[in-house]
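Worksheet: the structure to be examined is printed underneath.
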Amino acid sequence: MPRTISFLPMLAQSPLIANFMMTDNETLAARVEGAQSDGETPSASNSLLGSPTQTSSADTSLENSLLRETDRLDRLRPYPGILPCFLDGQAKLQELRRAKQPVSVDGRSLSVPALVVIARYDAEVKLDDRPDVKDAVLASRKALEDKLKSNTSIYGVSTGFGGSANTRTSHFNALGASLLQHHHSGILPLPNSQADLPLPLGDDYASLSMPVSWVRGAMVVRMNSLARGHSGVRWETVEQLGELVNRGVTPLVPLRGSISASGDLTPLAYVAGAISGHPHIRVRTRTPGEIVRASDPKLGLPPLRLQDKENLGIMNGTAFSAALGALAVHESVQLALLAQVCTALGTEALLGTQASHVPFIHDVCRPHPGQVECARTIHELLEGSGLATTGAVEKEVTIQEDGGHLRQDRYPLRTAAQYLGPWTEDILAAHATVTLECNTTTDNPLIDGTTGHVHHGGNFQAMAVTSAMEKTRLALFHVGKLLFAQLTELLNPLLNNGLPPSVAASEPSTDYHAKGLDINAASYVSEMGYLANPVSTHVQSAEMHNQAVNSLAFISARQTLTAIDVLSMLVSTYLYVLCQAIDIRVLQAEFSRPLPDILDSLLVSHFSISSDPALIRDLKQAIHGALLTSSTQDTHERMLHVAEASSLPLYRLGLPAVAVQAFVTDLSATLETRYNALRLDFLAGARGELTRVYMAPKTRKMYTFIREELGISMHGLVNSNGFLGKNGETDFGERSVGESVSVIYDAIRSGRVEKVLAGIFCDA
């Protein structure tokens with residue numbers, strides 16, 4: 001069962017809360033009615049909704065208390081959560097893929113995972129022919145036909161369109177053909193390229209037409225909407241949409257041209273053209289690269305002659321906006337959760353603390369539901385880590401012991417839950433909005449088959465989708481901004497708690513490993529900041545001023561998918577750096593682990609001092625302090641600097657200078673030899689299992705996936721060899737930095753990381 005977060009048990013300790021422990025206003029109303037029967041409440045004129053002028057102070061106090069508690073309890077309803085949303089979506093997606101059965105389309109139950117499996121995994125659809133579904137479609141069609149037989153004028157059937165609705169005609173089929181004609185206006189790649197033209201500035205098909213997944217998603221949303229039985233189309237017309245999907249016949253649809261006001265008119269006109277076998281419409285087939293005319297007999301799909309209102313019924317809806325919105329929120333939920341995994345990994349890489357995410361801070365002191373969930377998730381991810389400081393409470397130290405150290409993590413880690421939480425709430429709200437939109441009727445006019453009434457309205461105005469996409473895109477930017485802050489802290493030797501600059505594992509003088517990634521990440525976040533700007537503020541009056549306001553939902557959804565793509569690049573960059581940083585951190589830990597034994601041996605050989613825990617403690621502190629401040633130096637200079645730092649505790653004991661210098665020389669050589677050997681083991685991949693031992697059980701699953709399944713090894717081996725190959729040639733290694741990040745990016749975009757995330761939280 002998906003987890004929910006409820007604060008009611010915690011707040012039940014309050015007598016007032018306990019007295020009014022309820023989940024809806026009806027229960028509250030019942031209590032008020034009960035109080036009235038006991039003579040405790042004023043007359044109807046002084047009810048909660050009545051005039052307050054004659055209400056006593058006691059009554060006013062009760063009223064205010066009831067209203068306050070109702071509002072409070074409404075806000076404390078169980079919160080679905082980004083993690084349950086993700087896990088539920090994954091379960092449904094995997095179930096649908098595994099079943100390999102057509103997805104039922106009934107007008108009411110199309111889920112985001114179902115749309116994704118149809119749009120992206122080539123699943124088939126089946127129009128639900130249960131009587132309640134089919135009868136509604138048939139009744140709507142009959143009501144339309146009865147109106148036309150009685151010479152009733154209906155918008156879009158006997159009238160012109162939009163600003164031209166003052167025209168009249170009885171040539172209904174001609175009017176429908178005219179509708180297609182004037183909306184087949186988009187710009188698409190020409191069938192034959194001209195070889196003598198200059199090289200193009202972009203891929204014509206990518207820059208001018210929509211991807212197949214978008215169009216498949218839109219066709220199933222439109223099919224689902226028509227199946228609701230409010231559009232006056234025939235049953236076979238709805239079935240024909242499903243045939244296109246099932247046969248892999250996908251119209252070539254212009255990328256641009258929709259303002260999502262009277263729905264996505266132009267894109268859907270190309271779908272209507274494909275259904276009717278329009279000779280000007282081209283379609284893709286399942287054969288890669290094949291594009292043919294919709295009228296081509298080889299498709300094996302007889303054209304369906306569209307009848308009265310059917311052109312308008314197919315075209316006048318928000319299907320493309322809703323479909324893109326669904327694809328976007330599906331990806332956004334994954335990225336929002338992945339950001340929390342990255343934050344936990346970042347906490348380990350920076351030797352941060354789990355204590356920033358304890359329940360008291362979030363559940364008790366500031367229980368915003370998104371914040372609470374993020375804190376719980378990050379806290380759970382860090383459980384059992386050998387790198388992060390863990391525990392129910394922070395370890396207290398004296399002022400003397402605390403010198404020179406940050407008392408707490410910096411904002412990107414410490415306030416991650418407070419920063420991410422509000423945006424996860426927005427993504428969930430967008431998910432709910434888009435899910436609802438996929439199961440609505442969005443054309444005009446609408447026909448009530450039960451009464452025969454024709455309703456002229458504007459459900460095609462897709463501002464609900466626009467709002468969902470604007471908030472999602474802004475949320476994605478802030479997710480990226482937080483991860484960028486964590487990433488740049490990790491790469492900066494002044495901030496990263498002793499890691500080398502740019503997480504370079506070999507010598508810093510010849511290894512600048514992630515410096516290019518640092519710059520790339522800045523470009524990604526900058527682009528996301530630009531994309532986060534609202535699209536809806538750029539609405540222009542259109543179509544003879546009839547569409548003076550419009551939603552631009554499809555454009556907004558397109559930009560959101562672009563933002564998802566860019567954020568995926570940033571996340572893949574960060575995951576790559578995190579694995580490198582954690583390997584280096586474990587290398588450092590292993591380097592320091594035998595230090596007491598090394599010091600004890602050298603103290604005996606140089607000063608005949610044995611078993612002096614206090615002196616060894618002072619020497620270790622001096623060495624660790626020097627290691628923290630010398631990560632920009634090459635190993636030889638660094639170990640000399642570290643060894644020299646150990647001399648001060650020895651001089652304080654009055655030991656001979658000559659003996660101290662000999663001790664420093666031996667210690668420097670010992671440390672350098674050990675570090676070089678250990679580093680070579682890590683770079684060669686011989687210590688990967690050791691890294692997993694140090695990590696938390698949940699975070700190590702992501703590390704293992706990247707290191708083992710994706711085959712991305714620790715970087716720096718060719719640098720440590722001076723880029724020299726076996727035969728003296730320049731050796732750049734098996735894979736470039738960018739190619740390694742690209743492998744992670746591909747795993748995110750292809751859905752492989754989704755399975756890893758599910759495994760992390762399901763202990764699979």
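Please list, by residue number, every one of the trypsin sites (Lys or Arg not before Pro) in segment 668-764 that is coil in DSSP and has at most 11 other beta-carbon atoms within 10 Å.
Here the trypsin sites (Lys or Arg not before Pro) that fit, given the DSSP loop and packing criteria, are 726.
In whole Å, what three semi-axes, largest first, describe the equivalent ellipsoid of segment 149-280 built from its Cα gyration tensor (square root of 5 times each eigenvalue)? Intermediate results must be reported in sequence, preceding the final value.
Numbers: eigenvalues 183, 73, 33 Å².
Each semi-axis is the square root of five times an eigenvalue, giving 30, 19, 13 Å.
When the label point is put 7 Å from the Cα of residue 168 along its Cα-to-beta-carbon vector, which residues of segment 116-148 have a backbone N closer than 18 Å?
Only 147-148 fall inside the zone, counting backbone N under 18 Å.
Work out the FRET efficiency for residue 395 and residue 604 from their Cβ-Cβ distance, taking R0 = 41 Å, and round it to the nearest 0.05.
On the way: r = 33 Å, r/R0 = 0.80.
E between residue 395 and residue 604, to the nearest 0.05, is 0.80.
Residue by residue through segment 273-285, what is 3J(HN,Hα) from phi via Karplus (6.51 cos²θ - 1.76 cosθ + 1.60, θ = phi - 60°)? Round to whole Hz and write x for glycine and proline.
Residue by residue, segment 273-285 yields x, 5, 4, 8, x, 4, x, 8, 9, 9, 9, 8, 10 Hz.
So how do 353-365, 317-329, 255-267 stack up, highest first, on mean other-Cβ count within 10 Å?
317-329, 255-267, 353-365
Summing -39500 (n - 2.57) over the DSSP H runs of n ≥ 4 in the chain and dividing by its residue number, what mean residue ellipticity at 222 nm do you reach, to the nearest 500 deg cm²/dmol?
-17500 deg cm²/dmol
Just report the Cα centroid separation between segment 703-764 and segment 578-649, whole Å.
Each part reduced to its Cα centre gives a spacing of 31 Å.
Highest mean first, how do 332-339, 230-237 rank when packing is the count of other Cβ atoms within 10 Å averaged over residues?
Most protected by this proxy first, the peptides run 332-339, 230-237.
Quick check: pseudo-label points 7 Å beyond the Cα along Cα→Cβ at residue 519 and residue 411, how many nm apart are they?
Here the modelled spin labels are 2.7 nm apart.
Can you list the GluC sites (Glu not before Pro) in segment 655-764 that are in a DSSP coil and have 14 or fewer other beta carbons within 10 angstrom?
Answer by residue number: 729, 734.
What ³J(HN,Hα) values, in whole Hz, does the Karplus curve 6.51 cos²θ - 1.76 cosθ + 1.60 give for segment 614-624 when θ = phi - 60°, with x put for Gly and Pro?
5, 5, 4, 4, 5, 5, 4, 4, 5, 5, 5
Between residue 611 and residue 636, what is 0.36 nm times their sequence separation minus the Cα-Cα distance? Round to one decimal in nm.
Working: separation 25, 0.36 × 25 = 9.00 nm, distance 2.89 nm.
Stretched out fully, the residue 611 to residue 636 stretch lengthens by 6.1 nm.
By DSSP, what percent of the beta bridges with both residues in the chain are antiparallel, rounded to the nearest 5?
So the antiparallel bridges in the chain amount to around 75 percent.
I'd like the orientation of helix 57-75 relative to the chain: the angle between its Cα long axis and the longest Cα principal axis, in ° from 0 to 90, rounded to 10.
80 degrees
In segment 234-366, how does Rg compare with the Kirkwood Rh, expressed as the Rg/Rh ratio over alpha carbon atoms?
Expressed as Rg/Rh, it is 1.27.
Round to the nearest 0.05 the FRET efficiency obtained for residue 621 and residue 494 when R0 = 30 Å and r is the Cβ-Cβ distance.
0.90
Multiply the residue gap between residue 192 and residue 648 by 0.36 nm, knock off their C-alpha separation, and tell me the result in nm, one decimal place. Mind showing how you got there, number by number?
Values: separation 456, 0.36 × 456 = 164.16 nm, distance 7.97 nm.
Stretched fully, the residue 192-residue 648 segment lengthens by 156.2 nm.
Which of the three applies to segment 630-764, rounded, prolate or oblate, going by the alpha-carbon gyration tensor with a ≥ b ≥ c and a/c under 1.5 meaning rounded?
Cα axes put segment 630-764 in the oblate bin.
Compute from the Cα atoms of segment 660-735 the Rg and the Dmax, the latter being the longest Cα-Cα distance, and quote both in angstrom.
Rg and Dmax of segment 660-735, Cα atoms, are 16.6, 50 Å.
Please list the three semi-axes, largest first and in whole Å, of the ellipsoid equivalent to the chain, using sqrt of 5 times the eigenvalues of its alpha carbon gyration tensor.
60, 37, 19
Could the peptides 474-486, 646-658 be put in order, highest first, of the mean number of other beta-carbon atoms found within 10 Å of their residues?
Answer by packing, highest mean first, reads 474-486, 646-658.
Considering all projection directions equally, how large on average is the shadow of the alpha-carbon convex hull of segment 480-521, in square nanometres?
Hull-based average projected area comes out at 2.9 nm².
With each pseudo-label sitting 7 Å past Cα toward Cβ, what's the residue 92-residue 206 distance in nm, one decimal?
My value for the distance between the label points is 3.2 nm.
For the chain, what relative contact order do you get, as a whole percent, if you take Cα pairs closer than 8 Å and at least 6 residues apart?
Averaging sequence separation for qualifying contacts and normalising by length gives 12 percent for the chain.
Need one number for segment 459-579: average projected area of the convex hull over its C-alpha atoms, nm². Provide the component values of the computation, followed by the final result.
Details: hull surface 34.9 nm².
Seen from a random direction, the Cα hull of segment 459-579 projects 8.7 nm² on average.
Of the listed pairs 481/515; 92/481; 471/515, which have alpha-carbon separations greater than 26 Å here? Intermediate values should be presented prior to the final figure.
On the way: 481/515 18 Å; 92/481 31 Å; 471/515 32 Å.
92/481; 471/515, as the Cα separations exceed 26 Å there.
Just going by the charge dipole of the chain, with Lys and Arg at +1 and Asp and Glu at -1 on Cβ, which of 118, 449, 466 is farthest out on the positive end?
449
Are there any trypsin sites (Lys or Arg not before Pro) in segment 285-362 that are in a DSSP loop and have at most 15 other Cβ atoms within 10 Å? List them by number. Before the final figure, lay out each step's value.
Values: sites: 286, 293, 298, 305, 309; in loops: 286, 305, 309.
Those that pass, being in a loop and sparsely packed, are 286, 305.
Every number in this text was worked out from the coordinates using simple rules, so none of it is lab data. Every value quoted in this text rests on a predicted model; they were computed, and no experiment measured them. Reconstructed Cβ throughout: ideal geometry from the backbone, glycine too, with neighbour counts over all protein chains shown.
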